[in-house]
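Quick note: the coordinates plus some simple rules give every number you see, no bench work behind them. Just so we're clear, the structure is a prediction, and the values are computed from it rather than from any experiment. With ideal geometry, Cβ positions are generated from the backbone for all residues, glycine too; neighbour counts draw on all protein chains shown.
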Amino acid sequence: MTANQTARPASRTRDPRIDAVRGIALMGILVVNLPFLAMPYGFAGASWHHADTFYLGSFSAWFIQALFENKFILIFAFLFGMGAAAQVSANGARRFVFRMLLLGLLGVLNAVLVFEADILLPYAVLGLLMLPLHRLLTRTLLSAALLFWIVAILGHALFAIYVATAETGPGLSEEARIQLFSSGGFVAMAHQRARDWLVFSQMSIPAIWPMTMSAFCLGMAAFRLRIASAGDGFSSLERIARVLLLPALLGNLAYGALCLAPADWAGGHVFLATLVLRPVFAPMLSFVIFALLFRLLERTPRLTDFFAASGRMSLSIYMLQGILGGFIFFGYGAGLYASLSLQAVLGLAFLLFVLLALLARLWLGRFRSGPFEALMAAALALTERRLSTPPAALRAGPRAAPR
């Protein structure tokens, strides 16, 4: 059987369990991202330490880094790979290229205007690079996923060397960031966010992008193998998840603990150790969480229905997370930047996602797709129409109907 035959979709019907897992992954992404919108350098910074009442801030930082950071975003990337394979198989590569170009444009706007650690532009770039892999055999795709994972581990090691030898700091001091983002103008914030984006890219491109590409390849392979719909295939995933459970938990719990260690502990090499642990153990826990979630959602239809709406309009939910976070914390909104404790921000993240999940259910009760999905579809249709119309016809304009 050829790769193209294997990739042909069995059904165009959406699986509510996949949508629900995607929705839950968005919740995990919000838990990680909201602290970076709320305070300087998020849970990795030091501004939350002054409100570490009863060590609730320390527990929140450990909880996020051990169980959420780089876990749910890899699940989201895995599902993106599945969806991309389905789109290319159903609609062809040309439409997918247009979609990635539009997604990349939206990602640039999001990175500069909303949140510098945007995922849309990396997904667009890696989505285009993923196209040649679509024709590979499934076994080769799995090998590519392993290769990209190894590259990600090496990329983290290279970034660790860079951090150890760099002479410049991360940018604005925490005090300067508080002054800017709590009371500064929108243009000044956008300018600083663009600079932060460039700094963040020095780590994300060599370290995070390969890990994302690995998840994309696994997602494409899962689409080929019908993992979500084949009982035998999913049972195999569960068996693998049981084997990975203990090392995944131990590695990530240790990672979360080391992230809280003083910077000068162990000769100042703690941060370097976390850069080794993260790429090795985060994908393992992502795998385990995905398997557990999928089995849980099979047994709880109501929970599936609640999260599925968020998964169906994932682009809108992701964009609204950043937009609402900006209005809550930045100076052009409520200006609560660096005003809330980390534990309060963590609680707010869960509350905000529940509200967005309810909004998604209400929205999809009246409309077929989310607002950003509708805008993307309209822009995609317009782009295809313009590119498929001969230039002479565009210059001539509409003709009168014959009498």
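Tabulated values for the structure
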| item | result |
| --- | --- |
| Cβ-placed point charges (K, R +1; D, E -1), dipole of the chain about Cα centre in debye, nearest 20 | 2180 |
| Top positive-direction residue, dipole computed over the chain with Cβ charges, set PHE372, THR274, LEU285 | PHE372 |
| Normalised alpha carbon radius of gyration of the range 84-239 [divisor 2.2 N^0.38 Å] | 1.28 |
| Cβ-defined net charge surrounding ALA338, 11 Å radius [Lys, Arg +1; Asp, Glu -1] | -1 |
| Degrees separating the helix 56-67 axis from the principal Cα axis of the chain, which is the longest one | 40 |
| Relative packing of 344-356, 14-26, 189-201, which averages over residues the other C-beta atoms within 10 Å, highest first | 14-26, 344-356, 189-201 |
| Choice from ARG366, ARG99, ARG242 showing the highest fluctuation, given a GNM over the chain with Cα pairs closer than 10 Å | ARG366 |
| By average C-beta atoms within 10 angstrom, highest first, the peptides 367-374, 84-91, 301-308 | 84-91, 301-308, 367-374 |
